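The values are calculated or read from the model by the stated rules, or taken from the named source; none is laboratory data. Just so you know, these numbers come straight off a predicted model, no measurement behind them. Because the Cβ atoms are built from the backbone with ideal geometry, glycine has one as well, and the counts that use them run over all protein chains shown. SASA here: full protein model, heavy atoms, side chains in, ligands and nucleic acids out. Shrake-Rupley method; radii C 1.70, N 1.55, O 1.52, S 1.80 Å.
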Amino acid sequence: MTTQIGFSFQADVPHGASLLYNGSYRLLKSLSDGGIDALAVYASLQIGSQIPVTAAQEMSVSRLISTRGGRAGFLTKALRVGWGHSDVAIELAKTQAGTGALLLVGAFTTGGSLFDAALGLRELILLNGCLPHLCPNADVLLTMIKFLAPFMHDSGFRSIYQQIDSVVAKAGVSSQLFNSTGEPSEWTKAVRQLAFTATRKEQVYLIVEQRATWLAALSVHVLGMAVEVRLGPILLWQAAGSQGSAILQLSAVASLPTSPGIQILRIPAATKEAGRMGLTVDYLMKEALPIFLDQDPKITKAIAISVESAIIKCARNMIHKCPITWSQSSHTKTILNGNWIGQPNRFIQVCLDLGISEHVIANAGMSEHNETMLEISGDDKHKQQSLIFMSPSEAEELMKACGCHSSLVVARSNDRFYEKYEQDTECLCNKLARLIRSYASTILALIPCHFDPNQMRLQSQAIYGNPESAWTAGTYAAILNKSLLATPMTSNLLMAHLGYLFHDWEAGSKKMWNLMNKNSNLMAISAGAISIYHKAILDQECFTVNGEIIEIAFGRLSLDGVLREFVEEVTPPVDSRRMWDNRFGNNTPETLRSPLFRVAPGVGIYPHYAEGKASAYIQATLSEESIQISCSVSWDDRDEKKESVAMSICQCLERLMSCRATPAGVCGHGREAPLTANDELGS
């Protein structure tokens, strides 16, 4: 029999899988609807049984799963935002082994791709004694992981991992040591050893050259161990625990402990290129920028303030120079947030939500153009640096702090400043320039979005612009008047950038680009635990007073319980407005017109919302890659005959965003409050 810890895996898995078929019909249907293999679930249960789950963890996971609700769409009830068939997760959370499996799934899907998580889980199953021909393959495990991972998105593992990662990065440790993706065949050995040590409440000493901070977070959050992260003799981070202890040593040349009974394990550095890639880290919105600016000791407080100010100035330029096309079949462009009365306040609020200091916002000014712009000359690689939004003195201070420039010349010419230098691709100037334009384009992207900044977490590679999204590159090229470089700004690019911000690696999948390339209107992206969708497809109110037309919320989009990553609009064969004009010309149906009215002074008008005779409908169908929707508007004419016209939601949004909202003060009373006419009102 193969060596294992705690159970006879190769015997238990087939027998245990048959036990699932004796479960409730509801659970079996959930497994079937989710495409989840029973063998994968039971194998995960066996692995979960090796985790020393505490009563507090069981209660926490159970409460987390039970709070996963959902709601149906307003115009089509079959389209929902929620969690699909949650019975599998609920049943797993009822047992200690199931709780352990859920905790492992939550940890394995943090930082890397879902496929990396599936490979890691399979390696762990093999390490624990399952024979290869009985072990679920990676594709089977991947389906289960995709289904369960969203339930554990905000379990707390991400915040602990981010905290450890930030502390170690600030200490100047090479990211290939503490933050590399690693190779599943190696780092799963550390997971197995840590679980074994935690179960026996012993001590283990790990010399780790891959996934160090991730392993530290797993030891604390999943296994409940006391943990120390060290660089040689220097203690970088520590946490208390009750399930044994672990010391993670980041220095390969550090002296080994001599205490009797301590277990020692070395996890070598990754040998393959894919394994040397960095794990992603996500941050709460307000924490991301301060953490980045605090990590590098070269970034002084003065430089940090100048970077925040440059972000604001760059974003303000983008708003006015980057109009957007809302429909793929239209060429009409509008300012991103239209002429909404709340636009200036909305801009300031988004800046605050992203962690930019309030006093910096006040001092940076809200003028459309920066009075003094620093233009950077040199080779083509560095011409588009966003340091142009720093003053000459701020840019000079940054370059001195950087120390990677062989020459620096600052001169005035035609009231514009130019500087010339040679720059390392990884120098501080380059990093901060990339940060400025990525944050500025992100401000632009979030202005039309409604979200909770206290819950949303941003992906590090997106906010730091490494690599840059097409949205960031296009918006920045537009403000530099680089017409040949500028990508046409569309709502699809906006949605893709939002997916890059909030989702894991899979959000940039080929499926999304296939949809975009066939000129579909991308109405929603739903991956991981977060859905980004146009409010018009689900909500009763399709926009807010500040012009927020996109919702970012927890949950997955599904149609009749079937999850899909994307929702695309099937556009009418001709322009919606042209269809309307062909049917009615300039004559709007009388049933859709508002009646004339006149109100005498002193009369009170009380809110009353009555449904009109016009009704909007959304039809939704499933395709292999997405949920496809189409919209139509119908009404009853005088002959009691129902007529309808196909309408494009995106073309309606285009008209909405080109409108001018009611000026401030005209309708200053509350929505539910009565209005008293001081003067005669009428139309």
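Structure above, values below:
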item	result
Quotient of C-alpha Rg and 2.2 N^0.38 Å, computed over the range 117-219	1.16
Charge dipole magnitude, Cβ of K and R +1, D and E -1 - the range 155-275, Cα centre, debye nearest 20	180
Potential lengthening between Ser658 and Asp294 on full extension [0.36 nm per residue; Cα-Cα distance subtracted]	127.0 nm
Long pairs among Lys77/Lys535; Lys286/Lys400; Lys170/Lys286, criterion Cα-Cα beyond 20 Å	Lys286/Lys400
For the range 233-314: accessible area per residue (Å², 1.4 Å)	49
The range 212-258: C-alpha pair distances exceeding 14 Å, %	45
Sparse-neighbourhood loop sites, trypsin sites (Lys or Arg not before Pro) in the range 227-274 - DSSP loop, at most 11 other Cβ within 10 angstrom	Lys272
3J(HN,Hα) from dihedral phi, the range 318-332, Karplus parametrisation 6.51/-1.76/1.60, rounded to Hz, x for glycine, proline	4, 4, 8, 10, 10, x, 10, 9, 8, 10, 5, 8, 10, 10, 6
With every protein chain in place, the range 232-332: carbon and sulfur % of accessible area (1.4 Å)	59
Highest average packing first - 467-473, 98-104, Cβ atoms within 10 Å	98-104, 467-473
At most 14 other Cβ within 10 Å, DSSP loop - chymotrypsin sites (Phe, Trp or Tyr not before Pro), the range 163-250	none
Highest average packing first - 309-320, 548-559, Cβ atoms within 10 Å	309-320, 548-559
Length added when fully stretched, Thr67-Thr258, from 0.36 nm per residue minus Cα-Cα	64.0 nm
Beta bridges per DSSP with both ends in the range 188-314, % antiparallel, nearest 5	25
Antiparallel DSSP beta bridges within the range 157-261, as percent of all bridges there, nearest 5	35
Between the range 292-311 and the range 43-104, the Cα center-to-center distance that results, in Å	41
